Structure formats: C-alpha cells, structure tokens
1. Of everything in segment 369-414, what is over 24 Å from L428 (Cα atoms) and outside any helix (DSSP H, G or I)? Give them in sequence order.
2. Can you find a residue that is within 29 Å of P17 (Cβ to Cβ), crowded, with 17+ Cβ neighbours inside 10 Å and of a type in the set (V, I, T) anywhere in segment 413-423?
3. Checking E187 against (1) buried (at least 18 other Cβ atoms within 10 Å of the Cβ); (2) farther than 22 Å from P139 by Cβ: exactly one of these is not met. Which one?
4. Only residues that are in a loop (DSSP other than H, G, I, E, B) and closer than 20 Å to R494 by Cβ: list them for segment 245-278, please.
5. Within segment 460-470, is there a residue that is among the basic types (K, R), in contact with an Asp or Glu (Cβ under 9 Å, 6 or more places away or on another chain) and part of a helix (DSSP H, G or I)?
6. Among Q258, Q302, which is surrounded by 12 or more Cβ atoms within 10 Å (Cβ to Cβ), polar (S, T, N, Q) and within 30 Å of C367 (Cβ to Cβ)?
7. Does L15 satisfy being on the phi < 0 side of the Ramachandran plot, part of a helix (DSSP H, G or I) and touching a residue at least 40 places away in the same chain (Cβ under 8 Å)?
8. Checking A230 against (1) exposed (fewer than 13 other Cβ atoms within 10 Å of the Cβ); (2) in contact with a helix residue (DSSP H, G or I) (Cβ under 9 Å, 6 or more places away or on another chain); (3) more than 30 Å from P139 (Cβ to Cβ): exactly one of these is not met. Which one?
Amino acid sequence: MPPSIELRARQSFALTPRLQQSVRLLQLSSLEFQQELRTALDTNPFLEYDPSAPDENGMPGTPETDTPAAADTLPAAERDPALESPAADAQGESSSAAEDIGGDYGAGDYTSDSFGRGSSRYNGDGEGSDPAEWARMQPTLHEQLHDALRLYRLDERDREAARVVIEALDDDGYLRQDLADLTDVVEFDPPLTEDELTVALRLVQTLDRPGLAARSLSECLALQIDALPADTPGRDAARKIVEQHLDRLARREHAELQKQVGCDAEMLRIACALVRKLDPKPGNSYGRSDENYVVPDVVVRQVRNKWVVTINPAVLPRARIHRMYAELFAQSAGTSRSPLAQQLQEARWLIRNAQQRFDTIQRVAECIVTHQKAFFQYGEIALKPLVLRDVADELGLHESTISRATGNKYMATPRGIFEFKHFFPRELGTESGGTCSAAAVRALLKEMIAAENVRDPLSDVSLAKMLADQGVLVARRTVAKYRRLMKVPPAEMRRQI
C-alpha cells in the first residue's frame, strides 16, 4: 500500500500557563508557597515586598501607596474574570502590555506577612523582630560532650584522647569502633595507646547522661543502672539481667529468668520494669531541633457558639506590584512581547493566583468544619465519614482541585493542629445498617486498650468482639492494622508480669 498524507481535526483541552501556575500554587504547602513567593520577589522587578501590617481581623490591609482602594476590596473573581474562565484567560494572554497595565496593576495585593515579619502588635516584640532570633537551638551530642569536657583540667594528650572518643560516637550515643582503630586518628609522638583511649572512654561515659559512649546495649543499660541510687528496688537483679540475660528478657522467659537471677517473682517483676524504663539510645535526646513543626494554613475558632475559619495571617503573602516600575513601563514604548512585559504579566498572575489559592483553601476548610462540627466538640470519636467528592459537589469544584487544596495543608483547632486529610476518614458499616468513620473506630480502640488489664491485655480478636458488641463490624486484620497505625504493640508485648 503506497504511503499517503491524511489530515484529521481533533479537539483537546490545554491549560494555559496561568492556569498551570494556579494549579501548581494550590498544591504547594505553606512553606513551599512562601519559598516560591520569596523567589519571585528576588527575580521579578515588578514585585515588591509590602511592609503594611494586617488589620485587626487578620486580613490584609490596604496600603496607602496602592491604586484605588475600591479595586483592592473587590473579590478576586470580580476584578479578573480570567480567574474563573479558562477561555477568558486565553483571551487575556493575547492582550497588549498597555491593556495589562492600564487597569489594576495595584489591584489584588495580598499584604499579609508570609515571612514572619509582622507588626509588633501580633508578636509582642519590638518592630522588626524576628521570631527565629528567639528560637532555642538544642546542642548536638558532640557539642554537649565537648562543652562538658572543657570543665576538666587535663593535659593535651588526655584531652585529645577524649575528643577522639567523642567524635567516634554515633547518633545513638554508642561507640561502634574498636579502640585499637582510633589510636592513629590524631598524630602524636608517641601515638595514643589503647589503654589511654580506654581511660578517656571511662571519662566520656561520665560527662553527661548515663549510658553514653557504651560499646553495646548491655553496657549502655548497665551504665544507667549503675547511676541509680544504691537503694533502688530491683537494682541488683536488673544489673544481672542486662549483663547476662537480655535475650531471655526479650523472649519473656520469666520462669528461666527467675531461676538464673535467683530472686522471687515479685522482685523479678520490679527488676524487669526497671530495665524497661531505661533508654537504649541515649544519644537520641540530643540535637532534637525545635524546628520540626508545621505552619497551619487556617485557624478555626469558636465565636459565639459558631466555628469560624480564617486564613492564618502568618502564611499570607506580602507582595504587590511595584507601582513606580509599572507606571514607567506603561509610559515606555515596550511591546507586549518584550521580556519586561512578560515579567509584569507573570507578576500579576502570581498575585491573583495567590488570592485564588487562599480563597479555595478557605472555602474547603469551611466546608470541612461544617461537616465535622461534632469533632470540635467531642473529639476523634465523633468524626464522620467524608470523601473528597462530597466537598467537591458542595463547592462546585473538581475533585482533583479538592485533593490539591487538602494536600499538605494544616488546620489549627482548639484540639490541636491537624492535616486537612485527617477529616476525611473512610466509611465503615455498623450492625444497625448505619455508618461510622475509621477515625472513630481507632478512638474506640485507643480507649479500650487504655482501660485493659496490663497483666491480661486484649488481643486483636477480643478487641474485634468488643467493637462488635458496640455495633461496629470490623475484622480482626482491620483491628491489627489500626493498632499498628496507632503504634500500639500486640497483646503479648503489652503484657506486664
């Protein structure tokens, strides 16, 4: 068959660059969005940082240097139809730079501080204070031990030997290397000996928390027991257990342990409880930065018996169009295809897409709070089943938009900070034909396990039967899965003698 040329017409949808940016900004977390805006402020000359402070309601104020206030107070969709209409957006892309500038180059300014530089009336400090300056940084394990070592009067050789041992410790606080391998770490004449390093090791083990610089788990636990008062009940029996019978303790061979240690059942119970209270990784308590936190996107408060949702002022962007540069470009003979015109258009897109991002997040948060009012009053046990499609249908948005608006977004409530997706538990059936949420089942399991007899803990089968007695039909494997999600060990590991 000879080759031929054929023409076919086909229709397809394609996102414009502006809509692509809107989708990308929506799925970013608050910290990622701040970084995105920070980069835009550094690279786009038509964007400037807005130092104006939020008003008393936490919403952005109207700066005096902006364009008419009436334009700033209009909703984003009213100021720019392109926010709601892809067709209008495509048409707007072909407009000239003069048309882009002539209307509202100052409109759509979100002026709340996203970089932690809010006014003093919000943080209680002086003007320009940075909360990061007051953040406490916890020293690392090596820093803490080096600081403690400075308090000892040692000669240069002994001090260097102790430093070698400290630097050889891993993050758990253990010395995993042989002392013989550390003798040539530093250059000394004559070289450091293994005996000198052994003495330095004993010194390091006394610098801070008991158990540091141990060479094995047994030695780590033994050092912690030695640091206890001599009259501590079960101290001697616990010492024998950690030195010789840790494997039997792990296998819960209590009868054999009692025989090997040579004590009665009550003393063995006290000694085992003492061993379980010891820290097997003492080095983990150091270097824990206080920066492991999330910034909530919305704040939920109860005002006059109503739950009110507001955007967290700390995450709102403080950026606006640079008025002087925009006016100068409007007066110039620049074309719509010039690099400066493209940068001005990108700046306007970023401002408006940021507005749309926070409008969507607030709408989704308000819908979640409306559906989960019982949670804010009674806790986890009152969470109702909820799916993304329910919120999408109610708000008239696509389900993928709701997914992006709930991913990596957090809500600050009187009960704590929760991810948006926490309020979308899956649905489980009940004996009466109704439904309950998986979160409510986990809350029930948590209450049952907390009230169990520690000498005879509840198995997964028993927990499933107890849930069935309350009308919740859950399989044993589902109970086991929820128990693992709550980081609760199985019944045999929870049993205490």
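The values are calculated or read from the model by the stated rules, or taken from the named source; none is laboratory data. Predicted, not measured: the structure shown is a model, and the values here were computed from it. Here Cβ is always computed from backbone atoms with ideal geometry, including for glycine, and neighbour counts include all displayed protein chains.
1. If the condition is that a residue be over 24 Å from L428 (Cα atoms) and outside any helix (DSSP H, G or I), then G396, L397, H398, N408, K409, Y410, M411, A412, T413, P414 are the ones that fit.
2. So far as segment 413-423 goes, no, none of its residues is within 29 Å of P17 (Cβ to Cβ), crowded, with 17+ Cβ neighbours inside 10 Å and of a type in the set (V, I, T).
3. Condition not satisfied by E187: (1).
4. R251, R252, E253, K277, L278
5. no
6. None of the other options fit; the residue is Q302.
7. Answer is no for this residue.
8. In the conditions (1) exposed (fewer than 13 other Cβ atoms within 10 Å of the Cβ); (2) in contact with a helix residue (DSSP H, G or I) (Cβ under 9 Å, 6 or more places away or on another chain); (3) more than 30 Å from P139 (Cβ to Cβ), A230 misses (2) alone.
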